[in-house]
Amino acid sequence: QVLLVESGGGSVQAGGSLSLSCAASARIWTIGTMAWYRQAPGKPRELVADINSGGDTNYADSVKGRFAISRDNNLKTMYLQMNSLKPEDTAVYLCNVDRATSNRGPLLNLWGQGTQVTVSS
C-alpha cells in the first residue's frame, strides 16, 4: 500500500514556480520529520529541505531563498513551494518521512513514489 503520495510536479520555464504536495495515508497517525529529496539522472539523491513536527526547517544551500517547505499536521500533508526555478532543479522529487505511527505499528523511513519536475532554459 502506498503510504505517501506526491503531486504537483510538471514542466516550467526557468524563473517559474511550482508547488509540490506530499499526502500521508489515512493509516498514518503521527509523523516525525518530513523531507523532500530529489534525484537527477546520473546523480545521487540529495536532500532539498526538511521540516520537523514542530515546524523547524532546514534547506540545502542550492535552494535557500527560492524554496519554502511547510506542513499541515492535521492534514498530514507536506508542501514545497519552488520559486525562481533553474534548469539544475530538474529532477524527480521524493517525499520522505523518517518515522511515523500507524494502525499497524511504528513505521520507519517511508518514501513516496516521486514526482518529476522539469525546468527548461
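The values are calculated or read from the model by the stated rules, or taken from the named source; none is laboratory data. Quick caveat: nothing in here was measured; it's all calculated off a predicted structure. All Cβ positions, even for glycine, are placed from backbone atoms using ideal geometry, and neighbour counts span all protein chains on display. Note: areas computed on protein heavy atoms with side chains; ligands, DNA, RNA excluded. Shrake-Rupley method; radii C 1.70, N 1.55, O 1.52, S 1.80 Å.
Annotations
- For the stretch 1-50, the tally of residues that are under 10 Å from the mean Cα position of the chain (by Cα) and of a type in the set (D, E, K, R) stands at 3.
- When the stretch 96-121 is filtered for residues that are within 20 Å of Gly42 (Cβ to Cβ) and open to solvent by less than 80 Å² (accessible area, probe 1.4 Å), the ones remaining, listed by number, are Gly114, Thr115, Val117, Thr118, Val119, Ser120.
- Tally of residues being touching a residue at least 60 places away in the same chain (Cβ under 8 Å), open to solvent by 10 Å² or more (accessible area, probe 1.4 Å) and either outside any strand (DSSP E or B) or of a type in the set (S, T, N, Q) (or both) across the stretch 80-95: 5
- Test: residue in the stretch 53-60 that is farther than 15 Å from Gly10 by Cα and surrounded by 20 or more Cβ atoms within 10 Å (Cβ to Cβ): no
- Every residue from the stretch 61-95 that is in contact with a helix residue (DSSP H, G or I) (Cβ under 8 Å, 6 or more places away or on another chain) and not β-branched (Val, Ile, Thr): Ser62, Met82, Glu88, Asp89
- For the stretch 5-46, residues that are in a strand (DSSP E or B) and open to solvent by less than 50 Å² (accessible area, probe 1.4 Å) total 15.
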